[in-house]
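Below is one structure, written out as structure tokens, with a few remarks after it.
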Amino acid sequence: QVQLVESGGGLVQAGGSLRLSCAASGDIFNIGTMGWYRQAPGKQRELVATITRSRVTNYADSVKGRFTISRDNAKNTVYLQMSSLKPEDTAVYYCNANLLGKVYWGKGTLVTVSS
């Protein structure tokens, strides 16, 4: 079992930056790939970025060059540095973690980008 708690969301103006954090607890030693997903109002949840335990990263085309995912295995935390934010980045951002083939989700943190 893994518990994930996101933080760092909030209201920011277009062009601004935010850093999201996701702290993992529980059976952390077997956590593999971690990722960030988002869900905007009326839309399906979509991939933002993922990072493997060896720090290989993958990004959605819509955030490439603006967002950076990283992880600190010692702190059991994954981060999402978001820059040049756009109103269309407004969404609830969810952290997830893969543990031996099972996916766990956090409860999400709201990011609102005003124009």
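Rule-based calculations on the coordinates, nothing more; no lab input. Keep in mind it's a predicted model, so treat the numbers as computed, not measured. Glycine gets a Cβ as well: all are built from the backbone with ideal geometry, and neighbour counts include every protein chain shown.
Quick notes
- Under 20 Å from residue 75, Cα to Cα: lysines that are on another chain or at least 8 residues apart: 107
- Full extension of the chain between residue 107 and residue 7 gives 35.0 nm of extra length, using 0.36 nm per residue less the Cα-Cα distance.
- Charged neighbours of residue 92, selected by a Cβ distance under 10 Å, balance to +2 (K, R count +1; D, E count -1).
- What you get for the chain, charging only the Cβ of Lys and Arg (+1) and of Asp and Glu (-1), is a dipole of about 100 debye around the Cα centre.
- Multiplying the residue separation of residue 39 and residue 70 by 0.36 nm and subtracting their alpha-carbon distance yields 9.1 nm.
- Considering only alpha-carbon pairs that sit under 8 angstrom and 6 or more positions apart, the relative contact order computed for the chain is 37 percent.
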